[in-house]
């Protein structure tokens, strides 16, 4: 049976700076990704969480439709399509499924399943789908998934996800590095089994 990889979408498969131009325009700021040092954007843009939620509801569909791929994501993910089952588990709401699936098709990103859980709590989905490794950009998600599911989590380094990491969370800078780390992890685990 093929191992299943769990993959977050926003800031992982898509470029982590995707939302910044839209936010800057709406809130009249000129922030760069380097200045986005926390996941909660409201204080950085001088607004309330409620207003930020309303902004997201208004613009998310347009942004998701046009989101650029993270560098090397397409090649690395598609190189796994025959070796692993690719399960995308995202905090996006279920109402965004059609837009999300169309984006995958338009960009040629291979998938076996897309699960939109509608919240940042992905633990139940990771367990239900028997995910062997997860790819994430949100710091607390990465730590929680690694600790509660006992699987390796590849965390894509961004200014907003800094902090100490549990042993099973591996910080990477690129999708090329992510692929290398995943293969090293699975190779080491197989080596342990054969001893």
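Structure data summary
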{"quantity": "Filter result for residue 106 (loosely packed, with under 13 Cβ neighbours inside 10 Å and assigned by TED's automatic domain parsing to the domain that holds residue 178)", "calculated": "yes"}
{"quantity": "Among the residues listed as 71, 54, the single one being surrounded by fewer than 17 Cβ atoms within 10 Å (Cβ to Cβ) and more than 24 Å from residue 156 (Cβ to Cβ)", "calculated": "54"}
{"quantity": "Breaking point among (1) in contact with a helix residue (DSSP H, G or I) (Cβ under 7 Å, 6 or more places away or on another chain); (2) closer than 19 Å to residue 156 by Cβ, for residue 77", "calculated": "(1)"}
{"quantity": "Matching entry among 62, 32 (being closer than 28 Å to residue 126 by Cα, outside the structural domain of residue 179 (by TED's automatic domain parsing), modelled with pLDDT of 95 or more and loosely packed, with under 15 Cβ neighbours inside 10 Å)", "calculated": "62"}
{"quantity": "Top-ranked residue of the stretch 98-112 - restricted to ones that are assigned to a helix (DSSP H, G or I) and over 16 Å from the mean Cα position of the chain (by Cα), ranked as farthest from residue 175 (Cα to Cα)", "calculated": "98"}
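The values are calculated or read from the model by the stated rules, or taken from the named source; none is laboratory data. Because the structure is a prediction, the values reported are computed rather than measured. Cβ atoms come from the backbone with ideal geometry, glycine included; neighbour counts cover every protein chain shown.
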